[in-house]
1. Report the far tail of the P(r) of segment A:805-899, meaning the percent of Cα-Cα pairs longer than 16 Å.
2. Mind giving me the FRET efficiency for residue B:98 and residue A:647? R0 is 60 Å, r the Cβ-Cβ distance, nearest 0.05 is fine.
3. Using all C-alpha to C-alpha distances in segment A:150-244, build P(r) with 10 Å bins and read off the rounded percent in each one.
4. Within 10 Å of each Cβ in peptide B:7-16, how many partner chain Cβ atoms are there on average? Round it to a whole number, please.
5. For segment A:292-380, what does the alpha-carbon gyration tensor say about shape, rounded, prolate or oblate, given a ≥ b ≥ c as the root eigenvalues, a/c under 1.5 as rounded, and a/b over b/c as prolate?
6. Give the average, rounded to an integer, of partner chain Cβ atoms located within 10 angstrom of each Cβ in B:86-94.
7. How many nm separate the modelled label positions at residue A:542 and residue A:56, each set 7 Å beyond the Cα in the direction of the Cβ?
8. Using packing as a proxy for protection, rank A:261-267, A:201-207, A:401-407 so that the peptide with the highest average count of other Cβ atoms within 10 Å comes first.
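All of the numbers you see were taken from the coordinates with simple rules; none came from a lab. These numbers were taken from a predicted model, which means no experiment stands behind them. Neighbour counts are summed over all protein chains in view; Cβ atoms, including those assigned to glycine, are modelled from backbone coordinates with ideal geometry.
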């Protein structure tokens, strides 16, 4: 039956047993007469009436009478049932609404009863009559216990209520069994198991009360109590007296003897456990099992108790119930002790000794149990009892010294651990051992001192997460993901190879869940046997944190992983089977090494430079008398300073000592005595070296600006303009640890770049030397000299430099000029050597005198042969040149000397003792200021005699107004065709050009000897065809031609009428 | 009379458990633990319907008195504990004075 309840509570299905009794007014209860066990009445009026007329005539009156009787007895629960015949209903369909009998009845009777809400409820009662099980829920232990404690207010002997409850439970169960079949009972265990459990509990307490559970059986007092109880039960009710089995008989029998009690109690218990298990109420089953275990323990049958205790404990551990865990463990400990399961007992004892839910006394007791056992001499002396360490002590943190956990062979490593003792009293531990696994790593790079010292920069403290012991294993209680960024870099250049995210505690997250349930089983712990052990003997672990230090001397190079931690107390070994996070230390071995490197970015030649020597001793011990033998390189000096000192560091960069360095130099060998240093140390010292500037190497690189080098390219010049010339010096060093020499190459850069130029003023000649400082340092230049190496007495070099001391700053240049003077005919070429003293400007007085910087060069054809003078005149009758009007250009070429050696070439022709040569002139205006009208070039025959002149007249037109520079006049030597000579100019240079050429590739050097500029040459023999033998042009060296009008300007005024001149550029 | 009040995590371990009188603590721990059997049953019986209804009250383990109001109050207080940003879900409820006071008031009130 569905019970719709008020106040929004969920409807309930309930079972109601009902009897149908015919209505009699006498049966109705009188006012005030309400017994506890009265069945309530529901008054039902049944009618088959379906005709309105009949209803009006009889049924309505009858109903009214019935209702009045009910009202008189203040009975408000009633129901009117109209039984309708389907056939009739079909035939006589009511068209009008609210005219059926039901409607009429509702109208006549129900309106007055509008407060009744549950009226339609009972019409469904029949359907729910099949649910007898609902009612038994009310027969549950809680309601029974309410009766038994707060029921009849009379005093009863102890156990009487238990008896009554036991009987009640069993009787209810028996009645249910009596009216239902097996399948129904089985499917409704959930409703009856509570009663079974309650009955079991009551029987148990009765058994304890009557001394039926004690080992010796009941005493006389127990027996008296039993007799009282049995007497209190009275006689069995007549309806069950004749049956073979009844709750009454069962109770009587159970209390009659120890054996019978045991049988009944075990039956009930097992049945209850089985029922609980079958419906999945595991916790309840375990709880009954624990009672059963208690019973077995009382009966001195610990072997039977153990399984129930283990089962219950496992359940509590899995769900993390601390108090039940502690309690059950205590019971289990007792059980294991009785069973003689030594390891299990010690394991449980250690767990209990560390259990804070126990009193201090209890904890001490269990701790003492372990210590007592440990101190007993064993039958088998080598036997070890291995227990997990977790409950005994916990590893909290670990610290390495050196903190990078890297140590060289023979070095000492300290490992300090913090162990947190869980024991309530100080425990003396014979030894604490760390089992270490050794592996040789294949990657030898990892083992180098540099790598190891660079990569392990942590503080060396490794913390171990404390494990929360009584916590259930579930998704939620898993540790949080420990995610870390991971960068893997190439060992050679530190570039990033791979990156990603790694989970560090994946083993915690992915481990099997069952593994934690083996907490009580010490069998899972295995003691590893390894060759490498760290040991610490005779330690007393105080309750709480303890510091323990292990010291070890590193032997074989490799990686050592700490695997297990064991603490031995007598024959008991507490073992932490896996140390996590992984703890490793590395031992390395290293070959002795010598490094030589400059202190600055680059070494400069010519001045003292510091070079750092680093000796990594590795496994070699530097003895007294060990020295480095440096075979002296040519042109590199090792400067011996009295005060040089060497520093000795340990491999972890802690300074250990310093010592004076003794350096002895002979012609060929420099010997440096090393200070005494132990293995795996670093000796550092600095030496000054001086690379002597070597003249030939420098001179070759200089730019011969004054020389005729038509094919020199601009690019080359720029390239050499920015980087310093370098020289390499190789030093071979003999080290005491090796029979082989170490060759060290040092590269020195020359700080200066030097260029020279020949300058002319008419026939006077000057040599200019430009020194450019390419380095970052400032220098002081002094004592500049230019000497003629060919030693011609006739020639004089007169310095025009005023200062003897000259600073030259970084990236700046200094120029030096000498005038060339001679009295007789000068030589065709001149060999010069420039030298200048230099020293770093910033530094104090140097201990040694430095060699000057030298530069050698050659000057050729420096004697002026021709003077070229150009002049522009305004048109006749005009005062100034005007734009657009033709002006005359007069070029005067004058020979300045008689026949010289340099003139003797193919162009020279001789007739009647007179010599003449062929020259080509060319007028070029690169700035496009002038338009040359007519031929801009021509070939002339020039007499080779002093003062011979040649005059050329041309017409030019100024294109712009203002002070205009004159167009260039160039002179070339015009060589006749000679098949043996390959032309210096290729055919492309002979391009016909109009005289108004605009040279786009204009040479930015006005005095350039280059002929590369295109379109600048107009051939005098333009009528000749290409491919035919052609005369050649040779530029006259710059020194041979002096342009006396260079730099002069002509004033051009604008013309009156402006007109546009179009210039087409091809 | 409320003699023992417990808040149980969904993994069935006690987040909070307190009983009065305290000397019988162990008994109540066992009792609460075994009662989880019935809670489990109720939860699985209600199943999805429960989720939809948002009705968290499971009803009584045994049909005695109805303590819906009391449980609602307890649940509200538990929700407040959960909303505390310093509380890690799953930790045992140990440092909430408000929750403690509420439990105390419940134990006294119903007595």
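1. On the way: 3399 of 4465 pairs.
When every Cα pair of segment A:805-899 is considered, 76 percent fall beyond 16 Å.
2. On the way: r = 66 Å, r/R0 = 1.11.
Once the sixth-power term is evaluated, E becomes 0.35.
3. Pairs per bin, as whole percents: 14, 36, 34, 15, 2.
4. Values: counts 0, 2, 6, 3, 10, 8, 12, 5, 0, 0.
Mean partner-chain Cβ count within 10 Å for B:7-16: 5.
5. Working: a/c = 1.98, a/b = 1.20, b/c = 1.65.
Verdict is oblate for segment A:292-380.
6. On the way: counts 0, 0, 1, 1, 5, 0, 3, 0, 0.
Taking all residues of B:86-94 together, the mean is 1.
7. 10.8 nm
8. Numbers: A:261-267: 17.3, A:201-207: 23.3, A:401-407: 20.0.
Descending packing order for the listed peptides: A:201-207, A:401-407, A:261-267.
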